[in-house]
Amino acid sequence: MQLNYFGALRLIMGFLPKMIENKRGHIINISSIGVLSNAPRFSAYVASKSALDSFSACAASEFLDKGVDFTTINMPLVRTPMIAPTKMYENVPTLSPEEAADLVVEAIVYKPVRIATRLGVFGAVSHAVAPRITQILLNTAFNMFPDSPAAAGQKEGTTQLSAEQMAFAQLTQGIHW
C-alpha cells in the first residue's frame, strides 16, 4: 500500500494543483492485469493496485472539466529484474520492457481511460457475468502452480513446468500465477 497506492497518490496530489491551474494534465497509472483478472496468490498486491484504480476512476470524473485526464494501464507480467527470482517466469509468456513501454506511449498519445489486454478484459467480464465459475477456474489455476521457493524465502533452483502448466500459461499470457 505504501508504494503502490499511497506513494502514487502523494505524487498525483502534488501535481494536480499545477495541472488544474494550467487547465491541462494527464495522470497515467501503471496498474496490473491482476486487478481485472483477480489472479489468486497476489491478493495484497492486487488490492494495492485496485485502490489506485478506484481512486483514478473517481478522480477522472472529478477533474474532467479541469482538463486533467486519467489513464490506467492494466499491465500484464513484464520480464524485468523484479520477476527474475521466480524461476517459473522464465518459462511463461511475458511482455518485454519495450512492449510495456509501447503501452505507456499509447497512453501518452491517445489518452484512453484504460489500456488492457483482451485477456484482462475477459477476466473482468467473466467475474461480472459468472463469478462462481470464474472463481472455480482461478482456484484450479492456483492449485496448478505451487508457491515459488522465492515466495517462501528459499533459494530457487530451476523450475520445470509440466505440459499442462505450459499450455495454461500460454492461454493466460501475462497473468502471474
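None of the figures in this text is laboratory data; all of them are computed from the coordinates on show. Model, not experiment: these values are computed from the prediction. Positions of Cβ are generated from backbone atoms using ideal geometry, with glycine treated the same way; all protein chains shown enter the neighbour counts.
Data table
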quantity	calculated
Computed label-point distance, nm, for sites Ala47 and Glu21 using a 7 Å Cα→Cβ extension	3.8 nm
Spin-label model distance (nm) - Gln135 vs Leu9, 7 Å beyond Cα toward Cβ	2.7 nm
Packing-based order for 74-82, 7-15, 26-34, using average beta carbon neighbours within 10 Å, highest first	26-34, 74-82, 7-15
Residue order, fewest to most surrounding Cβ atoms within 10 angstrom, among Tyr5, Tyr89, Tyr110	Tyr110, Tyr5, Tyr89
Three-way shape call for the stretch 2-171 based on the alpha-carbon gyration tensor, with the a/c threshold at 1.5	prolate
For the chain, built as a Gaussian network whose Cα springs stay under 10 Å, the top-fluctuating residue of Asn38, Asn139, Asn22	Asn22
The stretch 48-79 and the stretch 1-29: distance between their alpha carbon centers, rounded to Å	10 Å
Approximate spin-label separation Ser54-Ala128, in nm, with each point projected 7 Å along Cα-to-Cβ	1.8 nm
For the stretch 2-171: relative contact order, % (alpha-carbon pairs under 8 angstrom, 6 or more apart)	26 percent
Pairs of lysines in the chain (C-alpha under 30 Å apart; 8 or more residues apart or interchain)	12
Mean Kyte hydropathy of -0.5 or more with a Cα span along the axis of at least 27 Å, helices from DSSP in the chain	43-63
